[in-house]
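J.: There's a structure below that I have some questions on.
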Amino acid sequence: MKPDIYSLAKVGLSEEEINEISRCKGKEMQIRMLRKYRYRLLDEIHEKQQSLDEVDYMISKIKEL
């Protein structure tokens, strides 16, 4: 199956990553590459959540003063 290039770009894959996925012959390899990108996105979400938690903590500490 040919991946939807617009959708891949919309979710944030680089042109190089899109080309790499598009060149894959089998769907298993495409899935493996997309999962790898998914894990990277999930790590970014976790990092942002930690930052958000820190900001919330600072807000609660300021309110206590």
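J.: Pick from segment 20-38 the residues that are surrounded by fewer than 10 Cβ atoms within 10 Å (Cβ to Cβ) and in a helix (DSSP H, G or I): which of them is modelled with the highest pLDDT?
T.: Result: GLU28.
J.: Take the residues of segment 22-40 that are of a type in the set (Lys, Arg) and farther than 14 Å from VAL11 by Cα: which is farthest from the chain's Cα centre (by Cα)?
T.: LYS25
J.: Still on this structure, please answer the following. Looking at SER60, SER7 in this structure, which one is surrounded by 10 or more Cβ atoms within 10 Å (Cβ to Cβ) and of a type in the set (Ser, Thr, Tyr)?
T.: Of the residues listed, the single one that is surrounded by 10 or more Cβ atoms within 10 Å (Cβ to Cβ) and of a type in the set (Ser, Thr, Tyr) is SER7.
The values are calculated or read from the model by the stated rules, or taken from the named source; none is laboratory data. Here the structure is a predicted model, which means the values were calculated and not measured. Quick reminder, even Gly has a Cβ in these numbers, built from the backbone with ideal geometry, and neighbours come from all protein chains shown.
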